[in-house]
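Data first, discussion second: the structure below is written as structure tokens.
The values are calculated or read from the model by the stated rules, or taken from the named source; none is laboratory data. Source: prediction; values computed, not measured. Here Cβ is always computed from backbone atoms with ideal geometry, including for glycine, and neighbour counts include all displayed protein chains. SASA here: full protein model, heavy atoms, side chains in, ligands and nucleic acids out. Shrake-Rupley method; radii C 1.70, N 1.55, O 1.52, S 1.80 Å.
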Amino acid sequence: MTKYIFVTGGVLSSLGKGISAASIGNLMEARGLKVTFQKLDPYVNVDPGTMSPYQHGEVYVTRDGAETDLDLGHYERYTSVRLGKNANYTTGRIYHNVITKERRGDYLGGTVQVIPHVTDEIKAAIHAGARGPDGEGADVVIVEVGGTVGDIESLPFLEAIRQFPFEVGRENVAYVHVTLVPLVKAAGEIKTKPTQHSVNKLREIGVQPDVLLCRAEAPLTDSVKAKIALFCNLEPQAVISARDVANIYEVPLWLHEEGLDDFLVRRLGLTAPAPDMSRWKAVVDAIDHPKDQVTIALVGKYIELKEAYKSLCESLVHGGIPSRTRVNLQWVDAEELSAASGDGLNGVHGILVPGGFGERGIEGKIQAIRFAREHRIPFLGICLGMQCAVIETARDLAGLPKAHSAEFEAGTPDPVIALLPGQAELDQKGATMRLGAYPCRLLPGSLAEKTYGTSEVSERHRHRYEVNNAYRERLEKAGLVISGTSPDGSLVEIVERPEHPWFLAVQFHPEFQSAPLAPHPVFAGFVEAALAHMRGNP
Ligand code: GLN
């Protein structure tokens, strides 16, 4: 029988609900159980693909090309689970389905209402998510409800999860509520009242949590736990202390020490051995006790909002694990760079130009790439970063000073980055990009092939524009090596510069496939190159 763990959040947002859900999955998987995840988001966008990273952080992309909430990135990094389109539903998507059915006549004669029609659609979505992308299902399905209890918009989701046990049996459902136990400095006391209120709010709508994950600066004492348990109608072991940690990958270890997985396994009547956390502990140890440190400049547009580069930042942490290197990020605003190159880049051991949309900061990114090329600093370009590297070669080395991407200058005489023929007719923005995993063949003997240690890979995409094949020859004459293409050779996927110690740029997003237990080779290679640069032996 499939077990369901619903994760809700109370008091305020940003309590780390996503990491808590991911950590529960990590522990369940370490106990030998097959896990899958789902995120239910209360906003009305059909998916976050059209949302600015300023509003919502990074848009994460699944193998099958869904543009999703960034929490799916946490789920995939903390476990071996690979998620798909059904792992993320928004209010917009649910309503879109209900309205499509209504127009088709599926409810003919009936008045379509939030209860039961919208809540039925939500429950159907949960069942679809539970089957997983391969239809295999899972022992434990972890469903995180976005937003905070008490919000108007999350009510239909909470009502649906209240109803859910009537379909699958109460013994197969556990509710985990993540809440805050603040320390009020003036009183020198930690306060349980916000948690009590938040649990009351949940109980008002019919959900009695089984477990509370209490976020607090320091571990909760037994007497505080007992008080919370009494007021919230719980056993004291169900009150778990989730103290702040410096390294987010420590969370599963702490939750395990607090007895969370034991409690959930018992509560759900599962038989599963104690978790083997040794590999995870080794990873945490490598992050906490590095032997070396490097500084990487991240030249981007959204640098005020670090959530916009969530997977990228995590991938750099993972990239440092094999060599026990801490990666310090130097955030460089691409717009500040456009006047004089070099500002903010002097002394760094690597330069990274990430993906992005829109013209802002483009010239700065191109200058940063020139700086990396000329000063032989390890360079990694991702998606837009690769497109900028192609423009840089075209302008500075191929004699095409006006080269540009058609995205930023429609009438450029040399559109080295352009839409594919046939793509130009699209008039919608949502879900119209090249999305999801595509195969890429690597050139024998190239840096790309050496870095991956294999000849064909699969990587996830999210972009509209491509390298214009009409310019390939001129770019190659200018020293750019096309070291990765689609298997039929028609799409450029990776470029590099062999005269440079480490210059690699990729059209895809390797950051969507890196995890602490499986650091992505491109990031591990980039960190090693930065280390070599620091030691002065490129
Ligand atoms: N804006 C570029 C494109 O659409 C790059 C996108 C990205 O970096 N993800 O092709």
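Residue separation times 0.36 nm, minus the C-alpha to C-alpha distance between Ala226 and Ala124: what's the value?
Full extension from Ala226 to Ala124 adds 32.9 nm.
Quote the relative contact order of the chain in percent (integer), defining contacts as alpha-carbon pairs under 8 Å separated by 6+ residues.
Working: 1133 pairs, mean separation 80.4, N = 538.
Relative contact order comes out at 15 percent.
When only Cα pairs under 8 Å and 6 or more residues apart are kept, what is the percent relative contact order across the range 291-535?
On the way: 534 pairs, mean separation 59.3, N = 245.
Reported as a whole number, the value is 24 percent.
What accessible surface, in Å², does a 1.4 Å probe find on Asp222, ignoring ligands, DNA and RNA and rounding to the nearest 10?
Approximately 120 Å² for this residue.
Find the centroid of the Cα atoms in the range 451-466 and in the range 320-337, then give the distance between the two in whole Å.
Spelled out, the Cα-based centre of one part sits 22 Å from the other.
Note down the net charge around Tyr60, summing +1 for each Lys or Arg and -1 for each Asp or Glu among other residues with Cβ under 13 Å from its Cβ. It would help to have the intermediate numbers written out before the result.
On the way: positive: Lys39, Arg63, Arg77, Arg82, Lys85, Lys310, Arg460, Arg462; negative: Asp41, Asp47, Glu58, Asp64, Glu67, Asp69, Asp71, Glu76, Glu307, Glu314, Glu511.
Within the 13 Å Cβ shell, the charges total -3.
Per residue, how much accessible area does the range 3-282 have with a 1.4 Å probe, in Å²? If you can, show how the numbers build up before the last one.
Numbers: 11530 Å² over 280 residues.
Accessible area per residue: 41 Å².
From the alpha carbon gyration tensor of the chain, can you work out the equivalent ellipsoid semi-axes (sqrt of 5 times each eigenvalue) and give them in Å, largest to smallest?
Values: eigenvalues 373, 155, 82 Å².
After scaling each eigenvalue by five and taking roots: 43, 28, 20 Å.
With a Förster radius of 30 Å, plug the Cβ-Cβ distance of Glu307 and Phe166 into 1/(1 + (r/R0)^6) and report the FRET value to the nearest 0.05. Provide the component values of the computation, followed by the final result.
Numbers: r = 37 Å, r/R0 = 1.23.
For Glu307 and Phe166, the calculated efficiency is 0.25.
Hey, how much of the P(r) for the range 64-163 falls beyond 21 Å, as a percent of Cα pairs?
Numbers: 1922 of 4950 pairs.
Every Cα pair in the range 64-163 considered, those over 21 Å come to 39 percent.
Leaving out ligands and nucleic acids, note down the accessible area per residue over the range 291-535 with a 1.4 angstrom probe, in whole Å². List each step's numbers first, then the result.
On the way: 9240 Å² over 245 residues.
Accessible area per residue, the range 291-535: 38 Å².
Give me the Kirkwood hydrodynamic radius of the range 291-535 in Å, from all C-alpha pairs, to one decimal place?
Working: mean 1/r = 0.0561 Å⁻¹.
Evaluated over the range 291-535, this radius sits at 17.8 Å.
Please report the base-10 log of the normalised intensity I(q)/I(0) for the range 455-538, using a Debye sum with one equal scatterer per alpha carbon and no solvent, at each q in 0.11, 0.25, 0.26 (1/Å).
After summing over all Cα pairs, the log10 values are -0.36, -1.30, -1.33.
Normalised by the number of residues in the range 490-538, what is the relative contact order in percent for Cα pairs under 8 Å and 6+ residues apart? Walk me through the intermediate numbers first.
Details: 27 pairs, mean separation 12.8, N = 49.
Value for the range 490-538: 26 percent.
State the percentage of accessible surface on the range 291-535 attributable to carbon and sulfur atoms; use a 1.4 Å probe and exclude ligands, DNA and RNA. Intermediate values should be presented prior to the final figure.
Working: 4540 of 9240 Å².
After summing per-atom areas, the C and S share lands at 49 percent.
Express in whole angstrom the spacing between the alpha-carbon centres of the range 1-65 and the range 222-240.
26
If I compute solvent accessible area with a 1.4 Å probe over the protein chains, what percent of it on the range 3-282 is carbon and sulfur? Spell out each step's value before the answer.
On the way: 6130 of 11530 Å².
Carbon-and-sulfur percentage of accessible area, whole number: 53.
How large is the translational diffusion coefficient of the range 360-461 in µm² per second when you combine the Kirkwood radius over alpha carbon pairs with Stokes-Einstein at 37 °C and 0.692 mPa s?
Numbers: Rh = 15.7 Å.
After rounding, the answer is 209 µm²/s.
In nm, to one decimal, how far is the Asn469 label point from the Ser455 one, both placed 7 Å along Cα→Cβ?
Each label point lies 7 Å from its Cα, and together they span 2.2 nm.
Can you work out the FRET efficiency for the pair Arg203 and Glu257, with r the C-beta to C-beta distance and R0 = 30 Å, to the nearest 0.05?
Details: r = 28 Å, r/R0 = 0.95.
According to the calculation, E is roughly 0.60.
Between the alpha-carbon centers of the range 141-164 and the range 253-297, tell me the distance in whole angstrom.
27
Quick one: if the Förster radius is 35 Å, what FRET efficiency do Ile115 and Ser486 give, using the C-beta to C-beta distance and rounding to 0.05? Don't jump to the answer; show the numbers that get you there.
Details: r = 48 Å, r/R0 = 1.37.
According to the calculation, E is roughly 0.15.
Sorted by mean Cβ packing within 10 Å, highest first, what order do the peptides 504-510, 472-478 take? Intermediate values should be presented prior to the final figure.
Values: 504-510: 26.9, 472-478: 15.6.
Ranked by mean Cβ neighbours within 10 Å, highest first: 504-510, 472-478.
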